[in-house]
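A short worksheet on the structure shown next.
The values are calculated or read from the model by the stated rules, or taken from the named source; none is laboratory data. Quantities reported herein were computed from a predicted structural model and do not represent experimental measurements. No Cβ is skipped: glycine too gets one built from the backbone with ideal geometry, and neighbour counts run over all protein chains shown.
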Amino acid sequence: MKNKPLAFRMRPTHLTEVIGQQHLVGKDKMIYRMVKANHLSSMILYGPPGVGKTTIATAIARSTNTAFRQLNAVVNNKKDMEIVAEEAKMSGKVILLLDEVHRLDKAKQDFLLPYLENGMIILIGATTSNPYHAINPAIRSRCQIFELKALEPDDIKRAIKRALDDDRNGFGQKNVVIEEKAMNHFAHGCSGDVRTALNALELAILSTDENTNGDIIITVETAEQCLQQKYFSHDKDGDAHYDVLSAFQKSIRGSDVNAALHYLGRLIEAGDLVSINRRLLVIAYEDIGLASPQAGARTLAAIQSAERLGFPEARIPLANAVIELCLSPKSNSAYKALDAAISDIKKGIAGEVPLHLKDAHYKGAKQLGRGKEYKYPHDFEKGWVKQQYLPNTIKNKRYYEPKQTGKFEQALAQIYQNLLNQ
């Protein structure tokens with residue numbers, strides 16, 4: 001056991017020992033209740049690396065005294081699953097932890113499905129990919145989905161202290177002293193991944209000589225060398241990427257400059273100029289809209305500048321655009337009005353184009369009544385004349401509801417109201 005990594009040796013054997021994920025394993029929470037009632041169902045544990053997916057699966061198995069097997073959807077083949085199935089037939093039930101469950105091919109899925117249906121195999125699928133995007137519906141529909149969160153720094157500190165105090169699997173037999181700054185670096189620098197933190201701790205301890213008092217002093221310099229600052233989880237093709245883009249737009253919509261710049265920084269570090277530009281342009285029209293129409297043109301200019309400059313200089317016009325959009329008044333009235341009109345059309349609420357608006361540019365149109373009573377606005381004072389434009393069935397419909405969030409739209413709203421009052 002001692003030749004195994006510290007993170008492996010310190011893996012909890014019971015649900016009560018699990019650090020973090022209390023929304024799932026805490027008292028009276030879903031997984032806790034399932035284990036307490038000894039009524040397990042197949043599940044998918046979804047979350048970033050090192051947050052306890054395998055740990056929880058192992059703890060569930062040991063808490064229920066059920067046979068437990070672990071396979072990988074990529075490495076292990078159908079024959080390996082057949083062995084698990086045979087064991088399930090013999091013992092009545094087996095808990096199968098299947099890593100990278102989103103990579104399960106059709107042959108393996110088809111084999112597993114009957115065993116999931118009859119409950120002989122309790123599948124605990126582990127994945128870092130969003131199951132609603134990455135996992136076949138046939139498997140997903142037979143499993144409960146639980147999302148695990150990255151551990152908080154305090155959780156990481158608890159795990160480290162537990163490892164330092166454990167005489168059997170940890171370093172309880174050594175006198176290890178960790179400086180406060182070093183502890184903070186382990187806790188914050190692992191980005192919520194307890195496995196990374198514990199493996200870095202083990203390297204720090206084993207590579208540090210005892211002093212004359214027999215103490216092993218872990219300094220912040222040692223911690224930094226053993227745990228290189230981990231980049232945030234961000235794969236341009238992965239789920240985290242879309243989460244960052246979503247947070248980016250919502251921060252701008254909510255006028256939080258600091259949050260928007262933070263998420264912009266993450267997108268820049270991921271090198272995804274295309275997604276940044278597309279999102280900024282849609283924000284200018286979706287969230288700022290008529291409250292400040294000039295923001296759209298300026299955003300487009302910033303985007304074009306960023307494209308010509310490329311990184312790292314592209315960050316400069318992007319920063320300008322983000323700050324302006326954050327602090328601009330907000331209005332979604334224009335596209336909401338259009339969506340309301342489209343919604344009516346899809347429901348069949350439309351009606352015939354009024355005769356006086358129909359095309360009259362062909363021979364015989366007037367005999368059909370086309371365009372006969374049309375009033376040409378430019379022939380009237382102020383370039384406006386009252387006449388019906390909507391079909392009869394919806395002639396009093398109002399789609400546009402102006403907002404009072406910017407001077408430009410306030411002016412439009414006044415004109416709009418004056419026209420309605422005519």
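Using the structure shown, decide if V84 is hydrophobic (A, V, I, L, M, F, W, C), surrounded by 17 or more Cβ atoms within 10 Å (Cβ to Cβ), touching a Ser or Thr at 6+ places or on another chain (Cβ under 6 Å) and more than 19 Å from V35 (Cβ to Cβ). No, not satisfied. Each residue in the stretch 255-297 was checked for being acidic (D, E) and assigned to a loop (DSSP other than H, G, I, E, B), and 2 pass.
Among the residues of the stretch 248-268, the one identified as more than 14 Å from N320 (Cα to Cα), in contact (Cβ under 8 Å) with a residue 60 or more places away in the chain and either buried (at least 18 other Cβ atoms within 10 Å of the Cβ) or not assigned by TED's automatic domain parsing to the domain that holds P312 (or both) is S251. Taking the stretch 155-173 as the range and being of a type outside the set (F, W, Y) and buried (at least 16 other Cβ atoms within 10 Å of the Cβ) as the test, the residues that pass are D155, I156, K157, R158, A159, I160, R162, A163, L164, N169, G170. When the stretch 192-217 is filtered for residues that are at positive phi and either surrounded by fewer than 20 Cβ atoms within 10 Å (Cβ to Cβ) or in contact with a Gly (Cβ under 6 Å, 6 or more places away or on another chain) (or both), only G214 remains. Pairs meeting the criteria (first residue in the stretch 139-154 and not assigned by TED's automatic domain parsing to the domain that holds R195 and surrounded by fewer than 17 Cβ atoms within 10 Å (Cβ to Cβ), second residue part of a helix (DSSP H, G or I) and of a type in the set (D, E), beta carbons under 9 Å, at least 6 apart or on different chains) are R142/E117.
A residue that is in a loop (DSSP other than H, G, I, E, B), assigned by TED's automatic domain parsing to the domain that holds K29, without any contact (Cβ under 8 Å) to a residue 60 or more places away in the chain and of a type outside the set (F, W, Y) occurs nowhere in the stretch 49-64.
Scanning the stretch 115-138 for residues that are surrounded by fewer than 20 Cβ atoms within 10 Å (Cβ to Cβ) and either out of contact with any helix residue (DSSP H, G or I) (no Cβ under 9 Å at 6 or more places or on another chain) or among the small types (G, A, S) (or both) turns up E117, N118, G119, S129, A134, P137, A138. Of all residues in the stretch 333-352, those being of a type outside the set (D, E, K, R), free of Cβ contacts under 8 Å to residues at least 60 places away in the same chain and surrounded by 13 or more Cβ atoms within 10 Å (Cβ to Cβ) number 6.
Residues of the stretch 87-103 that are hydrophobic (A, V, I, L, M, F, W, C) and more than 17 Å from R62 (Cα to Cα): M90, V101. Whether any residue in the stretch 29-39 is surrounded by 15 or more Cβ atoms within 10 Å (Cβ to Cβ) and more than 28 Å from the chain's Cα centre (by Cα) is what I want to check. Yes, because at least one residue in the stretch 29-39 is surrounded by 15 or more Cβ atoms within 10 Å (Cβ to Cβ) and more than 28 Å from the chain's Cα centre (by Cα). If the condition is being within 27 Å of the chain's Cα centre (by Cα) and surrounded by fewer than 18 Cβ atoms within 10 Å (Cβ to Cβ), then the stretch 1-26 contributes Q22, H23, G26. Would you say E381 is farther than 30 Å from G289 by Cα and not hydrophobic (A, V, I, L, M, F, W, C)? Considered against the rule, which asks whether it is farther than 30 Å from G289 by Cα and not hydrophobic (A, V, I, L, M, F, W, C), E381 comes out as yes.
Exactly one residue out of D243, D256, D287 is acidic (D, E) and closer than 29 Å to P131 by Cβ: that is D243. When the stretch 40-51 is filtered for residues that are at pLDDT 85 or above and over 17 Å from P131 (Cβ atoms), only L40 remains.
Here I349 clears all of (1) under 26 Å from the mean Cα position of the chain (by Cα); (2) of a type outside the set (S, T, Y); (3) outside any helix (DSSP H, G or I) except the condition numbered (1). For the stretch 360-373, the criterion of being touching a Gly at 6+ places or on another chain (Cβ under 6 Å), over 30 Å from V274 (Cα atoms) and part of a loop (DSSP other than H, G, I, E, B) is met by at least one residue.
When K4 is tested against (1) of a type outside the set (A, V, I, L, M); (2) without any contact (Cβ under 8 Å) to a residue 60 or more places away in the chain; (3) not in a loop (DSSP other than H, G, I, E, B), only condition (3) is not met. When L151 is tested against (1) modelled with pLDDT under 90; (2) more than 26 Å from N72 (Cα to Cα), just one condition goes unmet, and that condition is (2). The C-beta contact set for the stretch 290-311 (first residue over 15 Å from T405 (Cβ atoms), second residue of a type in the set (S, T, N, Q), distance under 8 angstrom, 6+ apart or interchain) comprises A302/N320; I303/N277; A306/N277; E307/N277.
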